[in-house]
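The values are calculated or read from the model by the stated rules, or taken from the named source; none is laboratory data. No experiment lies behind these values; they were computed from the predicted model shown. We place every Cβ from the backbone using ideal geometry, glycine too, and count neighbours over all the protein chains shown. Only protein heavy atoms, including side chains, enter the accessible area calculation; ligands, DNA and RNA are left aside. Shrake-Rupley method; radii C 1.70, N 1.55, O 1.52, S 1.80 Å.
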Amino acid sequence: MSDPKLQALIFDVDGTLADTEDLHRESFNHAFSELGLDWHWDSALYTDLLDISGGWGRLQHYWQQRKPDVRAIDAHAMQHTITRIHELKSARYEAAIQDGAVGLRPGVLELFDEAATAGVQLAIATTTSPVNIAALLRRAMGPGWRHSFVAIGDGSSAPLKKPHPMVYQQILQLMSLDPSACLAFEDSGNGLKAATLAGLATVITPTPYTRQHDFSRALQVLPDLGGIRLAQLAQWHQAHWAGERLLAVEI
Ligand code: XBP
Ligand code: MG
């Protein structure tokens, strides 16, 4: 069997395409203040809270940590309040992204362009919302950004969040591609777990929020994608799958 050809690059969004988590954190704090809550997420606390993928679930986890004895009747009120906090937070985040608060990380746009020229497909597999994806990529790539991506999986399409592989499994199905034809790009331990469980080899570009995570199963761990060309990615991809086949033969 010949080595699988690299046919698609699948990108996580927050932390991978752009270092957005500090803006997410600031947006959460803005929402807390707007609603008169005495909550404040500093960087150290947020680093821990990022173990929970998805902002809504992160809020629910934090609230339950603070008030473990929420009674059933209050649970409904809690969910309503969490939804209101997340709405305010998302509006603040979207406005800041539209104002150019955060740009794409080094090398990302260049890799998009190189992939398009080479006929390598692009896809997105994220836990965040469609609104957040659109705000970031419209600002970075212009109004036609959506045409660059064959498939997008996000927090609304995949209710089971990373480290569950659902969002990556959805993307592979939408593209009708085997994991061996793709590479995933992530920034976090949960993202690496999700991509690995979906059978994907994964390139990691950590951020200050995730650099302490376990990346031992990553294909490569890089400071960022600056200067990383498609040929290099294809070489790593081929070596990975050749090694996998060798292991299978040995076994
Ligand atoms: C990272 C997340 C998101 C963001 C906050 O997503 O877990 O929840 O932290 O965005 P990615 P929301 O998979 O792109 O790394 O509040 O919209 O969830
Ligand atoms: Mg991420």
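Given R0 = 51 Å, the distance between the Cβ atoms of A239 and W39 translates into a calculated FRET efficiency of 0.60.
Modelled this way, with points 7 Å down the Cα-to-C-beta line, the labels at Q173 and Q220 are 3.1 nm from one another. Protein heavy-atom accessible surface, 1.4 Å probe, per residue over the chain: 48 Å².
Compared with the direct C-alpha span, the chain from W145 to D69 gains 22.8 nm at full extension, assuming 0.36 nm per residue.
Computed about its Cα centre, the charge dipole of region 149-251 is approximately 80 debye, with only Lys, Arg, Asp and Glu carrying charge at their Cβ. In terms of Cα to Cα distance under 22 Å, which lysines are near enough to K162, apart from those fewer than 8 places away along the same chain? Candidates past the 8-residue exclusion: K89, K193.
Starting from the Kirkwood radius over alpha-carbon pairs of the chain, derive D by Stokes-Einstein at 20 °C in a medium of 1.002 mPa s and give it in µm² s⁻¹. Once the numbers are plugged in, D ends up at 113 µm²/s.
Sum -39500 (n - 2.57) across every DSSP H segment of at least 4 residues in the chain, then divide by the residue count to get the 222 nm mean residue ellipticity, nearest 500. Spell out each step's value before the answer.
On the way: 9 runs with 123 residues, N = 251.
Theoretical 222 nm ellipticity from helices: -15500 deg cm²/dmol.
The K5 and Q212 beta-carbon pair, evaluated with R₀ = 35 Å, returns a calculated FRET efficiency of approximately 0.50. Taking θ as phi - 60° and the Karplus parameters 6.51, -1.76 and 1.60, the scalar couplings of region 223-240 work out to x, 6, 9, x, x, 7, 9, 4, 4, 5, 4, 5, 5, 4, 4, 5, 4, 4 Hz in sequence order, x denoting glycine and proline.
For I152, the residues 5 or more places off, or on other chains, whose built amide H falls under 5 Å of its own are I124. If you take the alpha carbon atoms of region 72-114 and fit the smallest convex hull around them, that volume is 100 Å³ per residue. Rolling a 1.4 Å probe over the protein heavy atoms of the chain, with every protein chain left in place, gives an accessible area that is 53 percent carbon and sulfur. Listed values for region 89-95 are Karplus-derived 3J(HN,Hα) couplings in whole Hz (6.51 cos²θ - 1.76 cosθ + 1.60, θ = phi - 60°), namely 4, 5, 5, 5, 4, 4, 5, and x replaces Gly and Pro. Potential lengthening of the chain between D48 and R229 amounts to 61.9 nm, from the contour at 0.36 nm per residue minus the alpha-carbon distance.
Its alpha carbons considered, region 174-251 gives a radius of gyration followed by a Dmax of 13.0, 40 Å.
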